[in-house]
Amino acid sequence: MYWFEFEIEQAFDFPPGIGIGCGVTAINYEDALMLLNQKVFIHGKMPPIKKFIESIEIKTLDQGHVIPNMKSPNSRGIWFPQLAQGVP
């Protein structure tokens, strides 16, 4: 499981929730980047990555925003934010 944070000045230019970060379950780092590009940033370029954590402990994430608004991280894919296919 990976947690990504991005260098974003104006979060409203990106899919909702991305200003907090993005949680991904992937095979490896490259697979995580591919999922981000295919599922989150499909309508625009992914912003620069400010920070990423491999093997993130879910309990360390924001209890008020991330935890109650995430999908299960047990399957490959994007678990936070809950996006269908990005935002135009």
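The values are calculated or read from the model by the stated rules, or taken from the named source; none is laboratory data. As the structure is a prediction and not an experimental result, all values here were calculated from the model. Please note: Cβ atoms are built from the backbone with ideal geometry, for glycine as well, and neighbour counts cover all protein chains shown. Protein only, heavy atoms only, side chains kept; ligands, DNA and RNA dropped before computing areas. Shrake-Rupley method; radii C 1.70, N 1.55, O 1.52, S 1.80 Å.
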Qualifying residue in region 54-61 (condition: among the β-branched types (Val, Ile, Thr), modelled with pLDDT of 90 or more and touching a Pro at 6+ places or on another chain (Cβ under 8 Å)) = yes
Looking at this structure, is residue 52 surrounded by 14 or more Cβ atoms within 10 Å (Cβ to Cβ) and hydrophobic (A, V, I, L, M, F, W, C)?
-> yes
Can you give me the number of residues within region 9-18 that are open to solvent by less than 70 Å² (accessible area, probe 1.4 Å), over 9 Å from the mean Cα position of the chain (by Cα) and in contact (Cβ under 8 Å) with a residue 12 or more places away in the chain?
-> 2
May I ask you to list the residues in region 57-74 that are assigned to a loop (DSSP other than H, G, I, E, B) and open to solvent by 90 Å² or more (accessible area, probe 1.4 Å)?
-> 57, 63, 65, 74
Find all pairs meeting these conditions: Cβ atoms under 7 angstrom apart; at least six residues apart or on different chains; first residue within region 22-38 and at negative phi; second residue in a helix (DSSP H, G or I) and aliphatic (A, V, I, L, M).
-> 22/36; 22/40; 24/32; 24/35; 24/36; 26/32; 26/35
Restricting attention to region 39-60, which residues are among the β-branched types (Val, Ile, Thr) and either without any contact (Cβ under 8 Å) to a residue 12 or more places away in the chain or closer than 14 Å to residue 73 by Cα (or both)?
-> 56, 58, 60
